[in-house]
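Below is one structure, written out as structure tokens, with a few remarks after it.
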Amino acid sequence: MSVADLPLQELSGANTTLKHFVDIIHDVAPPNKSDIESAVTKGNWSPKDIPAPFCHKTDMEINLITQFVVLPQQNDKVTVIKHMYCHEFKLNKSTVESLCHSEPQTLRWHGQAMNCRKAWQWFLEQLGGWQCRQYALTHVLPHQKAAADAGGSFMSNLTEEDVDKGFQFIADEAPNLGSEWKKVTWITKNVSVNRSSPIYSWPQALVDKSLRAIQTDGVLALPVEDFFFTLADVDLDVLDFAVRPIIKTMKTVAAGILGGPGSGKTPLARIIALCASRYWKRELGISSPASFREASEFDFFRGQPGRKDRPDVHDDGRLAEEPIRKMKGFTDVGCTMMTKERWGAAKFVQGQMRVFVCNDYVFTDALKQLQDHRSGSISYLTHEEFLDVIAPMFPKDTEDPHKMAVLKRSNILVSAGNCILFRRFTQEEITVPCLSMGASAEFLKPSSGDRYQQYRDTNVSMHPNFQRDVQWEADYVDAILNGKTPPRPGITIINSNAIRQLFHGDTPASKSSFAAAASHQQLSRSGTPPPKAPSAATSSNEPPAHIKQEPIAFNRKLSSLSGTIIDLDSPPPKVSRRNSAIDVHSGEILAEPAHTHFAEPVGPPSEAPSQGSPMDVMEEELHDPMDDLEKLLEEEMDRLVAAEK
């Protein structure tokens, strides 16, 4: 690159006005660089401060921005190329000539002033020599020049510790920069002025980009890793009834969890999401921690595209206010789907587990009639009754084909009072089983529910048995996906209602609830209607049988006492621990087998109430040995639960 290559032209007519002009002087004696640099640094360009031709030929009260390049010649002289710019107003030709030591020239703009100014700076950079410049295409501070000359950028010469320290400094200070003005002043001071700053001399563009990234990430869904719960924390009845089929189809089917507040919907959704994340990380050989994203609107998922090993959870939102097309796309786990959002799009990849959670359901009359059913029993709702329950989940006036598209792509679990409903994914109009849970339908074990409350109180520490639970969960998921019998949890109650039924009696036992559910699913697939169970969907014209209600002490038959004398003064016999229902060696509390009948009321159902039986006078005084066994079992259960914690 030489002087002849510069994009310059001579000044035209006498009426020419301009802001940029160039003065080129040849055969100049080599200058004293230190004196000139000292004067230029102070902003002095008058003839009394700088020797000619580096100064302005005439000292005028005009603010000029001046830069120059000094090139060596073969005759030991130098050529000075001086560029001057008046940014306030245009100068006429005579004024420009009075400021230059030679014939002034101007830039050849070619109708593109901005691009030509950048090109001019590029030309000056390519000339080399000794330069005193006011502008540069790339911001390089004097102390950075040595690093740049040695090879690589300024950042490449920093240690990893210095880089981490700088980015951490930016992250800590970003929340304090509430306006653009504060951000600009903060960047200028820390990058160019404050030498003790961890980001001193960092590229300004990099700092600005970092601040914008922090602001953007602050309003988008970020991965959550510190949720230390597993499938081992789920109530066993809920695990068998609903979570197990959800896990079995998690590669192609979404999950929906509906219900009122306090039932454990959010922790259950997170547990399912993290379970899927841990599975895919094992399958794909990814070593990073399991995680999920959670947001109340689909728009917040647009920050990063979805990943198989990072499920997404739509929680605390109003699905009815979202377009139905977004709900259908979100639940289509078997395909890669995108939803259009305000500032872009959210992308969900094929095989990525997706869960939606909401409170939008109706406690219909059909559900109210199910509340009094025996704990552990299974009833059924018709397809129409189930649609009435989940109707608020869909946008208003949503047509049935759109509803069925969502039901085809998702398993839906509903918590309603003291029962839970689970509808498996299908486009068919099937009846929906409902499992009665007793006092209330809660998705987590009592001890896990307490720990979740501690988590909400910012206690996010990992409990001692977490790694053991993670390993059990992995074995459980692998067994389900491979069609094998899954392992049972460690210390658990196989039937949470068994002890109450054992000691306080109940209606005669029917076949196992879960066996009934499996039979119903098989009948539903075959097209044969399920048996009519006492539920909101069915009613009977037969009058209810009268059952004599005895006090607790007489809930069991006393046939063994027939014809014997009861000694009220003698203490009851102690019940041996060996005969209790606790297997100490296995660490498991066992319920009665499914074929065992629970205790029945005294006498036939049609028997009239007792009228002055001699035994009635001793109701409160008779000591029942079974009460001791019940107390013993409860104490042992408390001890085992405390040991597990």
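The values are calculated or read from the model by the stated rules, or taken from the named source; none is laboratory data. Owing to the predicted nature of the structure, the values given are computational and were not obtained by experimental measurement. In this analysis, Cβ positions are derived from the backbone assuming ideal geometry, glycine residues included, and neighbour counts consider all displayed protein chains.
Computed values, structure above
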| quantity | calculated |
| --- | --- |
| Filter result (part of a loop (DSSP other than H, G, I, E, B), hydroxyl-bearing (Ser, Thr, Tyr) and touching a Leu at 6+ places or on another chain (Cβ under 9 Å)) within segment 177-203 | Ser201 |
| Check on Leu435, assigned to a helix (DSSP H, G or I) and in contact with a helix residue (DSSP H, G or I) (Cβ under 7 Å, 6 or more places away or on another chain) | no |
| Filtered residue count, segment 111-133, keeping only those that are outside any strand (DSSP E or B) and over 50 Å from the mean Cα position of the chain (by Cα) | 9 |
| Verdict on Lys396 being of a type outside the set (A, V, I, L, M, F, W, C) and either surrounded by fewer than 18 Cβ atoms within 10 Å (Cβ to Cβ) or in a loop (DSSP other than H, G, I, E, B) (or both) | yes |
| Any hit, segment 439-447, residues being more than 19 Å from Ser291 (Cα to Cα), at pLDDT 90 or above and assigned to a loop (DSSP other than H, G, I, E, B) | yes |
| Residue check for Leu421: out of contact with any Ser or Thr (no Cβ under 6 Å at 6 or more places or on another chain) and either outside the structural domain of Met327 (by TED's automatic domain parsing) or buried (at least 23 other Cβ atoms within 10 Å of the Cβ) (or both) | yes |
| Any chance Thr249 is of a type in the set (S, T, N, Q), at pLDDT 90 or above and either buried (at least 16 other Cβ atoms within 10 Å of the Cβ) or within 29 Å of Lys326 (Cβ to Cβ) (or both) | yes |
| Every residue from segment 145-164 that is surrounded by 11 or more Cβ atoms within 10 Å (Cβ to Cβ) and either in contact with a helix residue (DSSP H, G or I) (Cβ under 6 Å, 6 or more places away or on another chain) or at pLDDT below 50 (or both) | Ala147, Ala148, Phe154, Asn157 |
| Glu283 vs. criteria of a type in the set (Asp, Glu), outside any loop (DSSP other than H, G, I, E, B) and within 18 Å of the chain's Cα centre (by Cα) | no |
| Considering residues of segment 293-344 that are among the hydrophobic types (A, V, I, L, M, F, W, C) and either surrounded by fewer than 19 Cβ atoms within 10 Å (Cβ to Cβ) or outside the structural domain of Asn359 (by TED's automatic domain parsing) (or both) only, the residue nearest to Ala269 (Cα to Cα) | Ala320 |
| All strands (runs of 3 or more DSSP E) inside segment 49-107 with 3 or more residues being assigned by TED's automatic domain parsing to the domain that holds Asp23 and more than 15 Å from Lys19 (Cβ to Cβ) | 65-72, 78-85 |
| Some residue of segment 235-249 being of a type in the set (Phe, Trp, Tyr) and assigned by TED's automatic domain parsing to the domain that holds Leu435 | yes |
| The one condition in (1) outside any loop (DSSP other than H, G, I, E, B); (2) over 17 Å from Ser102 (Cα atoms); (3) over 59 Å from the mean Cα position of the chain (by Cα) that Val40 fails to fulfil | (3) |
